[in-house]
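Structure first, then comments.
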Amino acid sequence: IGMMVDSGLISLEETLYDIWPDDEAVWSKVTGVNEFRKNVTIQSLLTTSSGLISDPINEGTVVDGGDAGGATLVDSLSFPTEIGESGKFVYNGVLNILSYVILERSGLSPRQYAAQTVFPSLGIVDSEIEWWKNEDGVETAFHGLFLTNKQMAKFGQLYLQNGMAGPENRLMSSTWVSNS
């Protein structure tokens, strides 16, 4: 998401309706306080202050090919069923909306986007990882990315280096690193 913000593909202030503005085929099927959901921002999703409250009992099937966090775009926008207060921090550990934001704005699934923009700079070979998908075939945003300890440490090192993957290779701005 940080790379997409830095490159101008998305803005933190954009709402879900900004991402899918006139897609009545999508919004007409979304259940549960659509106007509230349409006004959820990318930043509020990232800071878990969107007002969407995950119910641990009804999160769905958390497995590869499962429906947790939303099996499709419509399911993801309809999930979770409980609405709280926008701007108030409530940890939401199950949510696939950001996966669909990546797909909508880049034209690539989260894995494809990472394989083209992130993994090569970190020396991660896409074929050497596993990343769970939902029923729709889109990689999950909240879990299911299996990396080795060394691969995970590369993300930590990227942050320690303020977004630099190498001396001449900036993956994300130092502003993004600091803010996130």
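The values are calculated or read from the model by the stated rules, or taken from the named source; none is laboratory data. It should be emphasised that the depicted structure is a prediction, and the values quoted were computed from it without experimental measurement. Quick reminder, even Gly has a Cβ in these numbers, built from the backbone with ideal geometry, and neighbours come from all protein chains shown. Note: areas computed on protein heavy atoms with side chains; ligands, DNA, RNA excluded. Shrake-Rupley method; radii C 1.70, N 1.55, O 1.52, S 1.80 Å.
Tabulated values for the structure
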| item | result |
| --- | --- |
| Any hit, region 46-68, residues being part of a helix (DSSP H, G or I), under 17 Å from TYR100 (Cβ atoms), in contact (Cβ under 8 Å) with a residue 12 or more places away in the chain and among the hydrophobic types (A, V, I, L, M, F, W, C) | yes |
| Every residue from region 140-149 that is closer than 19 Å to LEU45 by Cβ and either of a type in the set (Val, Ile, Thr) or part of a loop (DSSP other than H, G, I, E, B) (or both) | THR140, ALA141, PHE142, HIS143, GLY144 |
| Check on LEU160, surrounded by 15 or more Cβ atoms within 10 Å (Cβ to Cβ), of a type outside the set (Val, Ile, Thr), out of contact with any Lys or Arg (no Cβ under 8 Å at 6 or more places or on another chain) and modelled with pLDDT of 95 or more | no |
| Yes/no for ASN149 being open to solvent by 30 Å² or more (accessible area, probe 1.4 Å) and at positive phi | no |
| Residue within region 37-51 that is under 15 Å from the mean Cα position of the chain (by Cα) and over 20 Å from LEU12 (Cα atoms) present | no |
